[in-house]
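The structure appears right after this line, and notes come after that.
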Amino acid sequence: MASVNIKPLGDRVLVQAIEEKEVKKGGIIIPDTAKEKPQEGKVVALGTGKRDEEGKLIEFTVKKGDKVLISKYGGTEVKIDGETYLIMREDDILGILG
């Protein structure tokens, strides 16, 4: 994967979507438009961080390189060099896949 030139702000995270594999049922190839949105992704970049009421920086739970489970309709989709990425708040990440 090439270096991505986007730095998320605040508690946002840049996640590279892991696309579903093409599904064949009864010899029928399901087109991309009929597939579900990706629910797994890989953390590519972290934002500048969220601050609490006293202004103290709250550390991210996820880190660059983590494979994560994401909210089905969470985040904003962006395409960079033909790759699909999502910019989302860390709260939209449901869990880290081990």
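The values are calculated or read from the model by the stated rules, or taken from the named source; none is laboratory data. As the structure is a computational prediction, the values presented were derived from the model and not from experiment. Neighbour counts run over all protein chains shown; Cβ positions are idealised from the backbone, glycine included.
Ile87 meets each of the listed conditions (1) more than 19 Å from Glu19 (Cβ to Cβ); (2) in contact with a Lys or Arg (Cβ under 6 Å, 6 or more places away or on another chain) apart from (1). Taking every residue in the stretch 56-81 that is touching a residue at least 60 places away in the same chain (Cβ under 8 Å) and pairing it with any residue that is of a type in the set (Asp, Glu), at least 6 positions away or on another chain, the pairs with Cβ-Cβ distances below 8 Å are Gly75/Asp92. Strands (runs of 3 or more DSSP E) fully within the stretch 15-98 that include at least 3 residues being of a type outside the set (Ser, Thr, Tyr), surrounded by fewer than 16 Cβ atoms within 10 Å (Cβ to Cβ) and at pLDDT 90 or above: 93-96.
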